[in-house]
Amino acid sequence: MTAMRKAHPPVPMGLQPTPFHDRVAAANHQRGWMNWMGFASASVLDSVEFEYFAIRNQATVFDISPMMKYRISGPDAEAVVNRLVTRDISKLKPGRVAYVIWCDQDGNVVDDGTVFRFSETDFRLCCQEPQLAWLDDIAWGFDVTVEDVSHRISGLALQGPTSCAVLKDMGLTGVETMKPFDIREFKVKAKALTISRTGFTGDLGYELWMAPEDALLIWDHMMEAGHLRGIRVIGYEAVEMARIEARFLLPRVDFVSSQTHLRPGRARNPYELGLDWLVALDKPHFNGRRALLRLAEEKPKRKLVAMEIDRDKPAHHALVYHRQKKEVGFVTSALWSPTVKRNIAYAWLDASYYEAGSDLWVEIYLQRELVWQRRMARARIVERPFFRNPRRTATPPADF
């Protein structure tokens with residue numbers, strides 16, 4: 001294994017701009033920013049309501065450049081990726097993307113992300129948290145090169161019903177034939193652009209990947225092409241609403257990585273997270289396989305479940321009770337969904353209480369002009385996700 005690393009530049013102070021920062025800042029009327037892996041990421045540009053409804057009715061652009069990106073290449077690249085993740089990556093064909101998780105030796109989840117397969121020997125891993133040290137450990141002894149290419153690739157999430165129409169208006173011939181999780185290469189004004197039909201809104205959407213030096217040229221071309229399609233720049237808070245509706249997990253919110261938790265017993269395994277469909281126990285050895293074989297035979301001590309809650313007040317950080325008396329869990333993500341018109345949440349529940357039909361209640365606190373009110377609302381365990389529009393997988397997508 002060889003690791004290609006350049007000498008580290010001086011550590012910058014404060015939040016850093018992404019390659020799209022000037023364009024996003026010009027649209028950020030609220031001046032709302034947040035920290036995403038050391039980069040300034042827009043939280044709200046106008047109002048979260050306008051931005052959320054743009055996801056569901058138009059085309060929206062969200063800067064995903066801060067994501068961590070690793071290139072894994074070489075004769076043993078497939079073996080290394082397959083040893084890392086719990087899915088059988090040998091079944092992933094070149095030109096395709098797969099959602100994956102990876103675990104430690106105890107079977108607890110380290111992180112989730114997406115694996116791009118560009119050829120038989122060339123992969124890219126995209127994820128939220130830094131993973132270079134973990135990848136170096138996995139790759140030890142293999143004929144493979146692991147590179148941190150996070151600063152060499154910029155990214156945009158183009159999501160919403162008119163997103164495909166925007167790409168066609170950019171002159172990307174054939175983009176409408178891409179199936180979900182496809183990867184394809186295009187040229188925009190002679191600049192290389194990689195597009196994957198991926199996203200985290202549960203709706204029609206794509207992700208665009210390019211060199212940082214080409215970022216503003218491609219941004220300007222896309223915004224001009226999308227003008228009549230209602231294209232709109234959005235921030236993290238609107239994306240978070242769509243994420244909860246589409247039931248995508250978020251590290252540090254719905255679970256804590258087994259590599260960063262500080263207190264014993266806080267790590268979680270795929271069976272507790274409801275991600276057992278991502279575990280291929282019938283493939284050759286991979287990290288955590290022995291532990292997962294044992295865990296697959298046991299009843300999970302707790303589970304992350306989807307819930308519907310009575311009334312319309314989101315149950316942010318609420319405790320969950322059985323028969324209004326015994327505390328049996330807590331809410332991690334909550335939202336009054338404007339699209340499905342339901343009060344939805346994800347919650348961890350202790351064993352024996354995560355079965356449908358349990359008599360569950362959530363304790364919601366509301367502040368009204370400096371006076372706190374306590375409400376107990378009935379909750380029901382339901383199937384997930386809450387939102388998944390058929391246009392998400394339609395090929396070719398309709399022109400809206």
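Some values worked out for this structure:
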{"read-out": "Within segment 345-378, tally of residues that are at negative phi, in contact with a Ser or Thr (Cβ under 9 Å, 6 or more places away or on another chain) and among the small types (Gly, Ala, Ser)", "value": "3"}
{"read-out": "Residues satisfying the stated conditions in segment 139-153, i.e. among the aliphatic types (A, V, I, L, M) and within 23 Å of Met37 (Cα to Cα)", "value": "Val146, Val149, Ile153"}
{"read-out": "Of residues in segment 33-68 being open to solvent by 30 Å² or more (accessible area, probe 1.4 Å) and touching a His at 6+ places or on another chain (Cβ under 9 Å), the one nearest to Arg124 (Cα to Cα)", "value": "Phe39"}
{"read-out": "Test: Ser358 is of a type in the set (Ser, Thr, Tyr), without any contact (Cβ under 8 Å) to a residue 40 or more places away in the chain, surrounded by 17 or more Cβ atoms within 10 Å (Cβ to Cβ) and under 30 Å from Asn269 (Cα atoms)", "value": "yes"}
{"read-out": "Criterion violated by Thr339 - all others in (1) part of a loop (DSSP other than H, G, I, E, B); (2) open to solvent by less than 80 Å² (accessible area, probe 1.4 Å); (3) farther than 20 Å from Val48 by Cα satisfied", "value": "(3)"}
{"read-out": "Residues of segment 169-186 satisfying the condition of being of a type in the set (D, E, K, R) and in contact (Cβ under 8 Å) with a residue 40 or more places away in the chain", "value": "Asp169, Glu176, Lys179, Asp182, Arg184"}
{"read-out": "Flag if Trp219 is more than 26 Å from Val48 (Cβ to Cβ), at pLDDT 95 or above and of a type in the set (Phe, Trp, Tyr)", "value": "no"}
{"read-out": "Looking only at segment 300-315, and only at residues there that are open to solvent by less than 30 Å² (accessible area, probe 1.4 Å) and in a loop (DSSP other than H, G, I, E, B), the one that is farthest from Ala246 (Cα to Cα)", "value": "Pro300"}
{"read-out": "Selection within segment 181-200 - in a loop (DSSP other than H, G, I, E, B), of a type in the set (D, E, K, R) and open to solvent by 30 Å² or more (accessible area, probe 1.4 Å)", "value": "Lys189"}
{"read-out": "Met13 being open to solvent by 30 Å² or more (accessible area, probe 1.4 Å), touching a Phe, Trp or Tyr at 6+ places or on another chain (Cβ under 7 Å) and farther than 22 Å from Ile231 by Cβ", "value": "no"}
{"read-out": "Restricting segment 126-180 to residues that are assigned to a strand (DSSP E or B) and among the polar types (S, T, N, Q), the residue that is farthest from Pro94 (Cα to Cα)", "value": "Gln159"}
{"read-out": "Segment 110-161, subset surrounded by fewer than 19 Cβ atoms within 10 Å (Cβ to Cβ) and acidic (Asp, Glu), residue nearest to the chain's Cα centre (by Cα)", "value": "Glu129"}
{"read-out": "Test: residue in segment 69-86 that is open to solvent by 10 Å² or more (accessible area, probe 1.4 Å), under 21 Å from Tyr206 (Cα atoms) and hydroxyl-bearing (Ser, Thr, Tyr)", "value": "no"}
{"read-out": "Helices (runs of 4 or more DSSP H) completely within segment 201-299 that count 3 or more residues being touching a strand residue (DSSP E or B) at 6+ places or on another chain (Cβ under 9 Å) and open to solvent by 10 Å² or more (accessible area, probe 1.4 Å)", "value": "215-225, 236-246"}
{"read-out": "Members of segment 361-392 found to be buried (at least 17 other Cβ atoms within 10 Å of the Cβ) and in a loop (DSSP other than H, G, I, E, B), listed by number", "value": "Arg384, Phe386, Phe387"}
{"read-out": "The one condition in (1) touching a strand residue (DSSP E or B) at 6+ places or on another chain (Cβ under 7 Å); (2) free of Cβ contacts under 8 Å to residues at least 40 places away in the same chain; (3) surrounded by 18 or more Cβ atoms within 10 Å (Cβ to Cβ) that His322 fails to fulfil", "value": "(3)"}
{"read-out": "Subset of segment 365-380 [of a type outside the set (D, E, K, R) and either modelled with pLDDT of 95 or more or within 23 Å of the chain's Cα centre (by Cα) (or both)]", "value": "Met376, Ala377, Ala379"}
{"read-out": "So Phe330, is it touching a helix residue (DSSP H, G or I) at 6+ places or on another chain (Cβ under 9 Å) and open to solvent by 50 Å² or more (accessible area, probe 1.4 Å)", "value": "no"}
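The values are calculated or read from the model by the stated rules, or taken from the named source; none is laboratory data. Keep in mind that this is a model prediction, so the values were computed, not measured. Positions of Cβ are generated from backbone atoms using ideal geometry, with glycine treated the same way; all protein chains shown enter the neighbour counts. The protein model used for the area step is the full one, side chains on, heavy atoms only, and it has no ligands, DNA or RNA in it. Shrake-Rupley method; radii C 1.70, N 1.55, O 1.52, S 1.80 Å.
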